[in-house]
Amino acid sequence: MRLLVTGGAGFIGSNLIAHVIDRPEVERLVNLDCLTYAGHLENLESVSRHPKYVFEKVDLRDKPAVVSVFQKHSITHVLHLAAESHVDRSISAPDDFIQTNIIGTFNLLEAARDFWLNSKTNTQNPAFACRFHHVSTDEVYGSLGATGLFTEATAYAPNSPYSASKAASDFLTRAYHHTYGLPVVTTNCSNNYGPFQFPEKFIPVIIQNAIARRPIPIYGDGANVRDWLFVRDHAEALWQVLTRGRVGETYNIGGQNEWKNIRVAELICDLIDELAPSVGSDSRRLITFVKDRPGHDRRYAMDAAKIKNELGWTPAHHFENGIRETVRWYLENQDWVKTVSNRETC
């Protein structure tokens with residue numbers, strides 16, 4: 001396996017690379033990343049000198065450069081994680097989401113199609129031995145009421161520019177399988193959390209604001225519900241689907257940990273009080289309700305029965321354990337937080 005991971009310097013990508021690089025199936029692991037504000041090579045210090053690891057600073061919007069990576073490294077497998085993903089940014093500046101998430105995915109699919117299906121020089125890599133794994137989100141399904149779960153058969157109903165761009169890339173991936181026979185799999189995951197998540201995201205914001213004794217902003221009434229998935233559990237699920245999932249299929253990956261946003265904030269505040277008493281006490285008093293985000297989906301929840309029944313995957317972390325590990329990691333890695341927060345967008 002000569003594995004291409006796109007977005008490997010980001011949150012999920014860097015955790016994934018560390019999780020799979022020592023697998024015997026992997027001969028070479030190529031990290032393709034253009035190092036935007038959310039991508040940092042500091043996330044990959046543990047693997048940067050690994051003999052299997054190669055870094056390629058490439059923008060997915062640069063189609064010739066993407067094609068060149070396939071040819072240079074004879075790529076056999078793709079784990080496509082690279083995406084603009086922050087919903088608030090998609091509301092204020094949607095252009096980057098359209099260009100990266102849709103056009104970037106198109107360029108990657110075209111490169112795979114050309115190299116695996118059309119190239120007369122690539123006879124060593126027949127298409128049946130290759131795999132294109134597109135990583136997506138539960139947000140493409142829209143919003144749930146108080147009950148019910150998203151399944152792989154749930155109709156798409158994206159409500160933000162971010163989720164709409166991911167829905168489009170999902171459909172492109174599906175089309176390349178049905179039209180050209182490209183060997184693809186798609187996964188839709190719930191909200192990830194864990195080490196190396198960029199500080200603009202919900203859980204790091206709570207942690208950092210509690211440490212700094214700043215107001216902790218909570219949208220609306222705080223009753224929006226998310227299903228939380230520990231990032232290393234997600235990495236294992238991605239590996240299982242990449243290597244064992246059925247071609248042409250979609251798999252939902254959920255953490256089975258539904259929490260209201262206000263309860264997440266309260267739990268993190270209590271952990272800060274316990275683990276870092278020197279910063280202050282009664283962190284819950286910092287929680288501040290702010291005007292709700294436009295189009296804020298009320299509830300996400302995933303039915304992950306398919307991946308459990310077919311591939312035997314279930315999440316290993318309960319939220320209370322995973323969030324304790326996450327809070328402790330941020331407390332111990334404040335230098336990393338300062339470094340990535342101060343870096344300019346590339």
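The values are calculated or read from the model by the stated rules, or taken from the named source; none is laboratory data. This one's a predicted model, so the numbers in the text were calculated from it and none came from an experiment. Neighbour counts run over all protein chains shown; Cβ positions are idealised from the backbone, glycine included.
Number of residues in the range 265-300 that are aliphatic (A, V, I, L, M), farther than 20 Å from Phe319 by Cβ and part of a helix (DSSP H, G or I) equals 2.
Could you pull out every one of the helices (runs of 4 or more DSSP H) wholly within the range 301-346 that has 1 or more residues that are over 27 Å from Asn252 (Cβ atoms)? Walk me through how you get there before you give the answer.
Numbers: elements: 305-311, 319-332, 334-341.
Because the criterion is at least 1 residues that are over 27 Å from Asn252 (Cβ atoms), the helices (runs of 4 or more DSSP H) in the range 301-346 that meet it are 319-332, 334-341.
Suppose we filter Arg131, Arg113 for residues that are of a type in the set (Lys, Arg), modelled with pLDDT of 95 or more, out of contact with any Phe, Trp or Tyr (no Cβ under 8 Å at 6 or more places or on another chain) and under 18 Å from Val69 (Cα atoms); which single one remains? Working first, answer last.
On the way: Arg113 fails: out of contact with any Phe, Trp or Tyr (no Cβ under 8 Å at 6 or more places or on another chain).
One residue alone meets the criteria, Arg131.
Mind listing whichever residues of the range 270-281 are surrounded by fewer than 22 Cβ atoms within 10 Å (Cβ to Cβ) and either touching a residue at least 12 places away in the same chain (Cβ under 8 Å) or within 26 Å of Asn43 (Cβ to Cβ) (or both)? Working first, answer last.
If we filter the range 270-281 for residues that are surrounded by fewer than 22 Cβ atoms within 10 Å (Cβ to Cβ), which is where we start, we get 270-271, 273-281.
Listed by number, the residues that qualify are Asp270, Leu271, Leu275, Ala276, Val279, Gly280.
Filtered by the rule that a residue be among the hydroxyl-bearing types (Ser, Thr, Tyr) and touching a residue at least 12 places away in the same chain (Cβ under 8 Å), the range 48-79 gives Tyr53, Ser74, Thr76.
For the structure I just gave you, tell me whether Thr151 is modelled with pLDDT of 95 or more, polar (S, T, N, Q) and in contact with a Lys or Arg (Cβ under 6 Å, 6 or more places away or on another chain). The answer is no for Thr151.
Of the residues Tyr300, Tyr251, the single one that is crowded, with 18+ Cβ neighbours inside 10 Å, closer than 29 Å to Asp22 by Cβ, hydroxyl-bearing (Ser, Thr, Tyr) and touching a residue at least 40 places away in the same chain (Cβ under 8 Å) is Tyr251. When Ser90, Ser68, Ser46 are checked against the criterion of being surrounded by fewer than 22 Cβ atoms within 10 Å (Cβ to Cβ), at negative phi and in a helix (DSSP H, G or I), a single residue qualifies: Ser68. Under the condition of being surrounded by fewer than 21 Cβ atoms within 10 Å (Cβ to Cβ) and in a strand (DSSP E or B), the residues counted in the range 203-217 number 1.
All of Asn333, Asn321, Asn342, Asn309 fail the test of being in contact with a Phe, Trp or Tyr (Cβ under 9 Å, 6 or more places away or on another chain) and without any contact (Cβ under 8 Å) to a residue 12 or more places away in the chain, apart from Asn321.
Can Ser14 be described as surrounded by 16 or more Cβ atoms within 10 Å (Cβ to Cβ) and hydroxyl-bearing (Ser, Thr, Tyr)?
Working: surrounded by 16 or more Cβ atoms within 10 Å (Cβ to Cβ): yes; hydroxyl-bearing (Ser, Thr, Tyr): yes.
It is true that Ser14 is surrounded by 16 or more Cβ atoms within 10 Å (Cβ to Cβ) and hydroxyl-bearing (Ser, Thr, Tyr).
Exactly one residue among Thr173, Thr243, Thr151 is of a type in the set (S, T, N, Q) and over 26 Å from Gly10 (Cα atoms), and that residue is Thr151. Taking the range 75-87 as the range and being farther than 13 Å from Leu109 by Cα and either among the aromatic types (Phe, Trp, Tyr) or not in a loop (DSSP other than H, G, I, E, B) (or both) as the test, only Val87 passes.
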